[in-house]
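The values are calculated or read from the model by the stated rules, or taken from the named source; none is laboratory data. Given the structure is predicted, the values throughout are model-derived calculations rather than measurements. When we count neighbours, we look across all protein chains shown, and the Cβ atoms used for this are built from the backbone with ideal geometry, even at glycine. Remember, those area values only see protein heavy atoms, side chains included, never the ligands or the DNA or RNA. Shrake-Rupley method; radii C 1.70, N 1.55, O 1.52, S 1.80 Å.
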Amino acid sequence: MPEPLRVESGELTADEILDALREGRRVVVQAEMLGGIHEVTLRHDGTVFYCDTPTTLHKHEDEDGMRDCVLKMGYAKSE
């Protein structure tokens, strides 16, 4: 398994994040939430995209859903 790509919130575009996920890499984003800095792990199993946050694990069935999520949550910079 490739090394996870570690970034800070807003460092990459949504396309750059999705490219890494499609390549089989996990993207670990350091994000400010819940009054501190936490790590969010983004991953793709070939079918479903996952966002694993400190409080929940949620899924996206397609790239558009994942793109909307990383933009809405501020994990990706605006394009």
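Would you say Arg67 is within 12 Å of Leu5 (Cβ to Cβ), out of contact with any Lys or Arg (no Cβ under 6 Å at 6 or more places or on another chain) and open to solvent by 30 Å² or more (accessible area, probe 1.4 Å)? Can you show your working first?
On the way: within 12 Å of Leu5 (Cβ to Cβ): no; out of contact with any Lys or Arg (no Cβ under 6 Å at 6 or more places or on another chain): yes; open to solvent by 30 Å² or more (accessible area, probe 1.4 Å): yes.
Considered against the rule, which asks whether it is within 12 Å of Leu5 (Cβ to Cβ), out of contact with any Lys or Arg (no Cβ under 6 Å at 6 or more places or on another chain) and open to solvent by 30 Å² or more (accessible area, probe 1.4 Å), Arg67 comes out as no.
Filter region 13-56 for residues that are part of a loop (DSSP other than H, G, I, E, B) and within 10 Å of the chain's Cα centre (by Cα); which is modelled with the lowest pLDDT? Result: Thr53.
Within region 70-79, the set of residues being out of contact with any helix residue (DSSP H, G or I) (no Cβ under 9 Å at 6 or more places or on another chain) and open to solvent by 60 Å² or more (accessible area, probe 1.4 Å) comprises Lys72, Met73. Can you name the residue in region 4-60 that is in contact (Cβ under 8 Å) with a residue 60 or more places away in the chain and of a type in the set (Asp, Glu) and, of all such residues, is least open to solvent (accessible area, probe 1.4 Å)? The qualifying residue least open to solvent (accessible area, probe 1.4 Å) is Asp15. Of the residues making up region 57-73, just one is assigned to a strand (DSSP E or B) and charged (D, E, K, R), namely Lys59.
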